[in-house]
1. Roughly how many nanometres apart are two label points built 7 Å out from the Cα toward the Cβ at B:Glu154 and B:Arg316?
2. Nothing charged except the Cβ atoms of Lys and Arg (+1) and of Asp and Glu (-1): what's the magnitude of the dipole of chain B about its Cα centre? Round to the nearest 20 debye.
3. Order the peptides A:41-52, B:14-25 from the highest to the lowest mean number of other Cβ atoms within 10 Å of their residues.
4. Not counting ligands, DNA or RNA, and with a 1.4 Å probe, what is B:Tyr149's accessible surface area in Å² rounded to the nearest 10?
5. Within the range A:41-60, find all residues whose amide N lies under 18 Å from a label point positioned 7 Å from the Cα of B:Ser197 along Cα-to-beta-carbon.
6. Please state the equivalent ellipsoid semi-axes for the range B:6-206: what are the square roots of 5 times the Cα gyration tensor eigenvalues, largest first, in whole Å?
7. Working only with C-alpha atoms, what are the Rg and Dmax values of the protein assembly as shown, expressed in angstrom?
8. Between B:Ala248 and residues 5 or more places away or on another chain, which pairs have amide H atoms under 5 Å apart, with H built 1.01 Å from N, and which residues are they?
Amino acid sequence: MSRRSGLVAAALIVAAGAAIAAESERAGLGHEATAEELSAAGYTVFPDGRGLPQGRGTAREGKAVYQQFCAACHGRNAEGDEAAAA
Amino acid sequence: MRRRSSSNTPLADLEGIVTPSGLHFERHHTGVPAIDPDTHRLTIHGLVDRPLVFMIDDLVRMPSVSRFHFIECSGNSAREWSPAGAANVQLSHGLASCSEWTGVLLADLLDEVGVKPEASWIVAEGADAGLMSRSVPLERALDDVIIAYGQNGEAVRPEQGYPLRLLVPGCEGSVSVKWLRRLEVAHMPSMARDETSKYTDLLPDGTARQFTLVMDAKSVITRPSGEQKLDRPGFREIRGLAWSGRGAISRVEVSTDGGGSWADAEIEGPRYAKSFTRFRSPWRWDGGRHVLMSRATDDTGYVQPTLAALLEARGRATIYHNNRIKAWEVHESGEVTNVEA
């Protein structure tokens, strides 16, 4: 259901003059994302691990991170027991 | 300001098919963000030829569409799993509303970025505190999905996603991600919290249905309905709303004897696909006890089921996607109450 065919047709109709989508089929709107914009936009980590940032770690190291950054809301064992987030 | 995280549309008090924007139901998972439209960016990236950033101005310049579509929370009618259900239409069906949405077809934006052949899903992310995100199959994204900036002739309201929301016609409302900031073209769904822990349907065998996105055909009588009172016998119109996430409504039947007999209601056109549709049926109340019910059929031939049929198919553990036939009892006193169908 793309409008591309519409744009192409418009381009053909006015082929003699105006530059409506003449060089490209695309509207050409929006701008190419810069590296800064892409990093500010964020990313998705997929269930198969795609999207994970560089790095490595172990569950043991993770436990310390969890205690520091997450336990206040999610409880000591992330089981929703004394959790504020539950 | 503290806000409730959900509120329902008072459907019984409305006419026609359009929900005034200020009465559109609300459901937010992590608050309503205040967004500056001049700096808001929609980034489309992932499995694309060229990742692009669109400002609102870019989107408004794109070819536009304006279409009537309902949005229904899949948790709408969650109280209807009990035999008599909720006491009035606002409580039983008010997590559904219908608007004229204006925006850009997502298919057009995907043309701009160029989708790579290995792509099969789109992950949409909002700019609310929890970065609410949902995955949409690419096939559907290329069909009739709108990136909406307009609602009923004005800008999309803050509670509805200002300045930009995804609008996935016919699908459970949470997929129409509000305050849209990022679309990642992907090879699989992200399995976000709201498509795993929430918005899945637990079946009796312990498995859960995932990505049950489409809202099936449904209808409800809004007049006379629960908590209204008929002041005297005589002529009055039975009115209601019907909708289907699969297409247009082709038929609505009304019963005034608790499902013993059914008669076709009049359907008001135009019958937009995936939109509220009005039905009406002339009725002369004789002052006696009556149980009023409505039953919708969509243009795929799907017929709105009874609660018993839903329970038979899904068991007792599901919360979402309840589109059962709803019944209202008119008492001799003129009072109208919810009643087992």
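1. 4.6
2. Details: 39 positive and 45 negative charges, 110 e Å.
For chain B, the charge dipole is close to 520 debye.
3. Numbers: A:41-52: 14.0, B:14-25: 16.3.
Descending mean neighbour count gives B:14-25, A:41-52.
4. 40
5. A:44-47
6. Working: eigenvalues 160, 88, 41 Å².
After scaling each eigenvalue by five and taking roots: 28, 21, 14 Å.
7. Values for the protein assembly as shown (Cα only, Rg and Dmax): 24.0, 76 Å.
8. Amide H neighbours of B:Ala248, under 5 Å, 5+ apart: B:Lys274, B:Asp299.
The values are calculated or read from the model by the stated rules, or taken from the named source; none is laboratory data. Everything numeric here is computed off the predicted structure, so don't read it as measured data. Note that we place each Cβ from the backbone using ideal geometry, even for glycine, and neighbour counts take in every protein chain shown. In case anyone asks, the SASA skips ligands and DNA or RNA and just uses the protein heavy atoms, side chains included. Shrake-Rupley method; radii C 1.70, N 1.55, O 1.52, S 1.80 Å.
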